[in-house]
Amino acid sequence: MPAPPDVLAAILTDFRTLIAGLSLGPPVVVRKGAKKEPGVDAATQITISKAVEAERKIKIAFGHLATVWPIEVTLIAPNNDDFVTNMGTYSSYRQQIAALFGPPYASPLLPTAPGVYNLAIRPKDYLNRGDMANNVDRWTLVVDVYTAI
């Protein structure tokens with residue numbers, strides 16, 4: 001019996017492909033979690049990762065289970081004690097990325113991930129004041145990806 005497809009890997013790859021296709025400027029990377037290592041990573045980057053929260057199993061028709069994968073999209077950038085510069089740029093990036101995963105929906109919803117039947121956007125932090133006090137600009141969107149696999 002063949003191994004089941006790695007649905008999470010396909011979702012992360014599709015997110016990276018779609019977001020990189022916007023040509024926003026910052027590199028788009030897939031990681032286990034949002035992080036930026038000074039001297040190694042670009043000053044500004046967009047990270048795709050599975051959210052810390054667990055995926056959920058939900059019942060769907062005829063006793064089958066679906067999986068809801070929470071995927072985080074995080075922008076991390078230096079703040080340099082500047083609370084004004086890039087505000088419009090960061091909100092534009094956030095809106096463009098959210099538009100990829102909201103209505104009107106593409107068909108298929110994600111290019112290669114198997115069994116995807118719904119996407120739901122859950123905005124999270126936007127330029128958290130604690131991060132800015134530590135000279136980091138950060139925002140996060142979570143997209144719940146519903147798969148029948």
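Worth a mention:
- Considering the conditions (1) surrounded by 17 or more Cβ atoms within 10 Å (Cβ to Cβ); (2) at pLDDT 95 or above, Asn79 is excluded by exactly one of them, (2).
- Residue within the stretch 92-104 that is open to solvent by 80 Å² or more (accessible area, probe 1.4 Å), of a type in the set (Phe, Trp, Tyr) and either closer than 19 Å to Val7 by Cα or over 19 Å from the mean Cα position of the chain (by Cα) (or both) present: no
- For the stretch 35-54, the tally of residues that are within 24 Å of Leu109 (Cα to Cα) and either charged (D, E, K, R) or surrounded by 16 or more Cβ atoms within 10 Å (Cβ to Cβ) (or both) stands at 7.
- Test result for Gly88, modelled with pLDDT under 95, in a helix (DSSP H, G or I), of a type outside the set (Lys, Arg) and out of contact with any helix residue (DSSP H, G or I) (no Cβ under 9 Å at 6 or more places or on another chain): yes
- Within the stretch 87-115, the set of residues being under 16 Å from Val143 (Cα atoms) and of a type in the set (S, T, N, Q) comprises Gln95, Gln96.
- Test: residue in the stretch 107-130 that is more than 17 Å from the chain's Cα centre (by Cα), among the small types (Gly, Ala, Ser) and surrounded by 12 or more Cβ atoms within 10 Å (Cβ to Cβ): yes
The values are calculated or read from the model by the stated rules, or taken from the named source; none is laboratory data. As the structure is a computational prediction, the values presented were derived from the model and not from experiment. Positions of Cβ are backbone-derived with ideal geometry, glycine not excepted, and every protein chain shown enters the neighbour counts. Keep in mind that these areas ignore ligands, DNA and RNA; they rest on the heavy atoms of the full protein, side chains included. Shrake-Rupley method; radii C 1.70, N 1.55, O 1.52, S 1.80 Å.
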